[in-house]
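Below is one structure, written out as structure tokens, with a few remarks after it.
The values are calculated or read from the model by the stated rules, or taken from the named source; none is laboratory data. Just so you know, these numbers come straight off a predicted model, no measurement behind them. Cβ coordinates were reconstructed from backbone atoms using ideal geometry, including for glycine residues, and neighbour counts include every protein chain displayed. To get the accessible areas, we keep the full protein, side chains included, count just its heavy atoms, and leave off ligands, DNA and RNA. Shrake-Rupley method; radii C 1.70, N 1.55, O 1.52, S 1.80 Å.
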Amino acid sequence: MLAVAIGIVGVSFGAVAVAEGEPPWVPLTMSLTVFAAGAQFASLDLALDGAGTAAAVTAGLVLNARLALFGFALPGVHGRRLGARLWSSQLLVDQSAALALAEGEPARRRAVFLACGGALYLAWNLGTLLGVLAGGTMSDPQALGLDAAEPMVLLALVLPALSTRGRRGDDDATHSARRRSATRRAALAGALTALAATPFLPPGTPVLAALLGLLARRPERTPPQPGRGSRTEGAASTEGAAGPEGGRA
Amino acid sequence: MTLLAVVLLAAGTYGLRLCGPLLRARTELPARTELLLADAATVLLCALVATSALMEGQQFAGWARPAGVLVGAALAWRRAPFLVTVLGAAAVTAGLRWAGVA
């Protein structure tokens with residue numbers, strides 16, 4: 001089910017990339033090697049807009065910084081041998097980490113991680129391939145409104161982090177709500193900064209300037225609690241989430 | 001997208017993935033750092049949504065695209081499935097262009 005959803009995102013990635021003028025190897029190689037939807041869309045978007053290599057890569061890596069957090073939060077799923085750790089790391093994405101974190105027992109945790117990560121990897125790359133094939137047949141992407149599909153995909157990825165609705169696992173609703181409003185403030189400030197800067201700064205840099213919006217988060221009032229914590233949600237970046245232990249804003 | 005950009009992004013992303021498993025650190029990152037990184041990702045994605053919905057290069061992209069994205073956003077807010085939101089956004093934009101709205 002999850003894999004189908006990821007596959008569909010993959011199709012849109014491949015189709016958008018090729019229809020907007022990238023050669024097929026670009027989306028295909030990216031999906032095989034990068035394997036991270038948000039970062040791939042972000043870098044592609046910036047590159048298509050004429051951003052330099054540095055800006056496109058930086059934006060992608062900022063988005064993927066959360067993967068390092070998951071790596072720390074999931075000891076054991078990668079196995080003991082160096083080789084196993086090297087290849088299974090590639091399967092680390094939001095969803096495989098979240099599902100693995102939900103499992104208590106180490107052996108099961110590893111099995112879930114590998115199964116979920118592997119299925120998503122297959123779906124993502126198959127989807128991209130389908131998208132590349134479909135995108136090649138589109139003569140006029142603008143007439144089909146494909147340029148609206150791209151921001152829409154990104155919006156769908158970020159929406160859960162902005163949502164005001166309660167989430168499962170929030171046993172501390174007020175803290176969570178306060179934390180969310182800090183995130184929303186930062187996001188709004190950042191988006192306005194980027195828009196205002198776009199006519200003046202070179203392509204790609206306005207989005208990085210948006211990170212200044214992080215200053216709009218209010219300084220923390222309560223000291224963070226000593227961490228005992230399931231990071232199931234805490235680290236889920238595009239989810240912007242605060243687990244029960246997480247969010248003081 | 002240049003080959004160099006793809007290679008750097010891939011290598012950097014893999015490096016980030018490898019941090020945990022290789023260092024096998026027991027160290028917990030402070031909760032504040034986690035939250036900061038989470039918010040950085042959210043802020044960056046939102047800025048990308050805004051700029052790619054409204055701007056084309058350094059100019060306003062015209063009304064058709066942001067209108068499509070707005071409809072898609074409304075669909076997403078009503079909890080429509082992902083595919084419906086994306087196709088809806090594209091369809092509205094395409095329809096507006098067909099009707100002569102840039």
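Okay, here's what the table says:
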| quantity | calculated |
| --- | --- |
| Neighbour-limited loop hits for trypsin sites (Lys or Arg not before Pro), region A:1-95 (at most 13 other Cβ within 10 Å; DSSP other than H, G, I, E, B) | A:Arg80, A:Arg81 |
| Tail weight of P(r) past 28 Å, computed on alpha-carbon pairs of region A:1-141, percent | 22 |
| Inter-probe distance in nm under a simple model that places probes 7 Å from Cα toward Cβ, at B:Glu56 and A:Leu201 | 2.3 |
| Calculated FRET value between A:Leu162 and A:Ala134, using beta carbons and R₀ = 35 Å, to 0.05 | 0.70 |
| Separation in nanometres of the label points that stand 7 Å from Cα toward Cβ, at B:Leu23 and A:Thr174 | 3.6 |
| For the protein assembly as shown, the fraction of alpha-carbon pairs in successive 20 Å shells from zero, as % | 32, 60, 8, 0 |
| Estimated buried accessible area (total), pair A and B, 1.4 Å, Å² to nearest 100 | 7300 |
| Region B:1-95: C-alpha pair distances exceeding 20 Å, % | 61 |
| Local net charge near A:Gly14, Cβ-Cβ under 13 Å (Lys/Arg +1, Asp/Glu -1) | -3 |
| Å² per residue, accessible surface of the protein assembly as shown at 1.4 Å | 43 |
| Percent accessible area from carbon and sulfur atoms, the protein assembly as shown, protein chains only, probe 1.4 Å | 69 |
| 10 Å Cβ neighbours from other chains, averaged over peptide A:90-97 | 2 |
| Degrees, to the nearest 10: B:82-98 long Cα axis against longest axis of chain B | 40 |
| Sparse-neighbourhood loop sites, chymotrypsin sites (Phe, Trp or Tyr not before Pro) in region B:1-67 - DSSP loop, at most 16 other Cβ within 10 angstrom | B:Trp63 |
